[in-house]
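Read the structure below first, then the notes.
Since every read-out is calculated from the coordinates, none of them should be taken as a lab result. Keep in mind that this is a model prediction, so the values were computed, not measured. Positions of Cβ are backbone-derived with ideal geometry, glycine not excepted, and every protein chain shown enters the neighbour counts.
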Amino acid sequence: MDMIRENLMDVERRIQQACLRSGRERSAVKLIAVSKTKPASMIQEAAAAGMLDFGENKPQELRDKYELLPKNYRWHMIGNLQRNKVKYVVGRAVMIHSLGSEELAETIEKEAEKKNLVMPVLAEVNMAGESSKQGLSPGETEAFLRRISSMKHLKVMGLMTIAPMTEFPEENRVYFRDLRNLAVDIARKNIDNVNMYELSMGMTGDFEVAIEEGATMVRVGTGIFGARNYGAL
């Protein structure tokens with residue numbers, strides 16, 4: 001059996017166990033295979049093993065893989081998105097996970113209007129307040145969502161966070177729990193055009209803890225594809 005299929009089976013087993021521990025249905029959690037820097041051949045191997053949701057960090061890489069690979073693959077933009085690269089993503093990605101500024105929201109809105117579609121987005125929240133990370137502070141998230149809620153070609157589906165890198169997944173539990181609580185609080189406000197259906201949180205090192213705290217999407221790269229080779233595309 002090939003490495004990717006084996007790794008996927010292992011990740012799947014761990015997801016099921018985390019769902020069991022937290023009394024959640026397996027169907028409540030979507031696994032996104034983070035395929036950044038990985039060649040098309042590896043992505044096709046993952047697809048052959050049943051994986052169709054892939055996460056990319058670079059807009060051009062998402063565009064190129066979208067054009068190259070079968071159209072039933074679902075692409076998620078999970079990395080920092082600059083405004084001049086929005087055109088590569090809108091119309092190709094099924095969701096943008098990394099919305100963190102009004103200017104970016106306006107650019108996505110314009111591009112989506114041009115392409116006559118509604119772009120699903122998640123607001124990225126910097127739960128740990130790390131200076132190296134993008135995203136909104138928890139305190140400004142609701143006001144930000146209210147300001148962009150009138151945009152007709154942008155659909156807020158929930159929140160996303162990137163927790164700190166740590167050897168001890170338990171250390172990130174507080175950030176996942178706080179993101180879920182923030183989502184619950186915002187959902188109660190019934191803001192027009194703002195949904196809190198999705199919580200995109202948890203990566204290879206801590207996705208089980210994220211699931212226990214309510215993640216609906218987990219982003220796993222190394223755990224599926226192995227260590228990254230940044231020299232190859």
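Some points to look at:
- Filtered GluC sites (Glu not before Pro), the stretch 144-189: DSSP coil and at most 10 other beta carbons within 10 Å: 167
- Computed log₁₀ I(q)/I(0) - Debye formula, equal Cα scatterers, no solvent, the stretch 1-63, q 0.20, 0.21, 0.24 Å⁻¹: -0.83, -0.88, -1.02
- When DSSP beta bridges are restricted to pairs lying wholly in the chain, around 0% turn out antiparallel.
- All Cα pairs of the stretch 134-233, percent lying beyond 17 Å: 56
- Under 5 Å from the amide H of residue 99 lie the amide H atoms of 122, 124, each residue being 5 or more positions distant or on a separate chain, with H modelled from the backbone and absent for Pro and chain starts.
- Computed on the stretch 1-138, with alpha-carbon pairs under 8 angstrom and 6+ residues apart, the relative contact order is 16 percent.
- Based on Cα contacts under 8 Å between residues 6+ apart, the chain shows a relative contact order of 22 percent.
- GNM result for the chain, Cα springs below 10 Å: residue of 41, 149, 101 fluctuating most strongly: 41
- 17 Å tail of the calculated P(r), the stretch 80-179, as % of Cα pairs: 51
- Radius of gyration and maximum dimension Dmax of the stretch 3-225, Cα, Å: 16.6, 46
- Residue among 186, 199, 82 farthest towards the positive dipole end of the chain, charges placed on Cβ: 82
- Least to most buried among 98, 27, 200 (fewest other Cβ within 10 Å first): 27, 98, 200
- Ranking of 52, 31, 122 by count of other Cβ atoms within 10 Å, fewest first: 52, 31, 122
- Think of the chain as having a plus end and a minus end, set by charges on the Cβ of Lys, Arg, Asp and Glu; of 164, 225, 55, 55 sits farthest toward the positive end of this dipole.
- Loop-located GluC sites (Glu not before Pro) in the stretch 62-125 (DSSP state not H, G, I, E or B) with no more than 16 neighbouring Cβ atoms inside 10 Å do not occur.
- This model, with +1 at the C-beta of Lys and Arg and -1 at the C-beta of Asp and Glu, gives the chain a dipole about its Cα centre of some 680 debye.
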